[in-house]
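The values are calculated or read from the model by the stated rules, or taken from the named source; none is laboratory data. Everything quoted here is computed from the prediction, not taken from an experiment. Please note: Cβ atoms are built from the backbone with ideal geometry, for glycine as well, and neighbour counts cover all protein chains shown.
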Amino acid sequence: MMAIVLQRKKKECLFNPNMVFYYFDQRQIYHEAPIDMIDSNMLSDYNKLESLLMINSDQKHKDILLEILSKEKITCELTTSFCLDVAFTRDDFISLLYYLGYLTIHSVYRDMIEFTVPNTFIKKIYFDYFRKMIQLDFHVNTSNYAESINRIIDQKDNSLFVSNIEGILKSLDNRDFRGFSESKVKIAAAAIAQSNKYVLLKSEYPVEEGYVDIVLFPYHTQGITALFELKYIKKENLNQATLEEKRKEAYLQLKKYGEAKEFANQDIVKWILIFSKDECVCNEIVD
């Protein structure tokens, strides 16, 4: 309990010391950041997440995973003791993720705690499990995910990336995943991008004029910086007028984002992607 009280009051960020030493060791040897940001010696520790989700594999726990991936925050009342004879509640499961280091405290209001994903490394672990989940549960082929990102960065070709997003959306198009709409599209896009270690993925990336849905920065390689504005239209609302309204909204957003100082002196390509149900109905480059 003391550690929980301290974290509620702390203002400084805490970092995993093993990962910090790994990073500085690589910098000292190669004089640049490591290509693999994950120390292979740490992977066995983080396989706990997969084991935990496999053990508690009912739908409500998968829904928690999807909520964390889509919002990067989740709220519950912290469980301080567990009874193994009783099924895990939603609060129990979220609390366990916190105790294992997969969530950290973002804010506290009375007994309710808002948790968030602590860092990019942990976010990658969540997406790794998500890809494995759709591969095993829905038989989605994930073998060309990394290649689809290479084509974006090297050839300015997003066709395979879009096709892979559609494949994930088709797999999630069932009663277990209702109501995810635009968030579902962002999860699919980010899960694909996270499979490639030569890009740095930023979702909801803050710039002067707002937040870019998805940004892919080349990492340890040459290539473009890709900006994506993602929109979603419910199937029953899809018509030419609605599509044009969403396209115009995305176009104006990307025009503003592209002028942000964060992208100065970078070769950027901006794409509008609009989906309806499990199909991309607009794939357009913004000049």
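If the condition is being in contact with an Asp or Glu (Cβ under 8 Å, 6 or more places away or on another chain) and in a strand (DSSP E or B), then region 71-128 contributes LYS73, ILE74, THR75, CYS76, GLU77, ILE105, HIS106, SER107, VAL108, MET112, ILE113, THR116. Confirm whether ILE153 is out of contact with any Asp or Glu (no Cβ under 7 Å at 6 or more places or on another chain) and under 24 Å from LEU66 (Cβ atoms). For ILE153, the condition - out of contact with any Asp or Glu (no Cβ under 7 Å at 6 or more places or on another chain) and under 24 Å from LEU66 (Cβ atoms) - is not met. Residues that are in a helix (DSSP H, G or I) and among the hydrophobic types (A, V, I, L, M, F, W, C): does region 195-203 have at least one? No, region 195-203 contains no residue that is in a helix (DSSP H, G or I) and among the hydrophobic types (A, V, I, L, M, F, W, C). Just one of the listed residues (LYS186, LYS132) is of a type in the set (Lys, Arg) and surrounded by 21 or more Cβ atoms within 10 Å (Cβ to Cβ), and it is LYS186. Within region 151-174, residues that are among the basic types (Lys, Arg) reach partners that are in a helix (DSSP H, G or I) and surrounded by 14 or more Cβ atoms within 10 Å (Cβ to Cβ) with beta carbons closer than 6 Å, at six or more positions or on different chains, in the pairs ARG151/LEU160. Between LEU227, LEU201, LEU243, the distinction of being under 25 Å from ASP154 (Cβ atoms), modelled with pLDDT of 95 or more, surrounded by 13 or more Cβ atoms within 10 Å (Cβ to Cβ) and aliphatic (A, V, I, L, M) belongs to LEU227 only.
Working only within region 190-204, note down all residues that are under 15 Å from ILE134 (Cβ atoms) and within 8 Å of the chain's Cα centre (by Cα). Answer for region 190-204, where residues must be under 15 Å from ILE134 (Cβ atoms) and within 8 Å of the chain's Cα centre (by Cα): ALA190, ALA191, GLN194. From the list LEU227, LEU200, the one residue that fits, being within 21 Å of ILE122 (Cβ to Cβ) and in contact with a Phe, Trp or Tyr (Cβ under 7 Å, 6 or more places away or on another chain), is LEU200.
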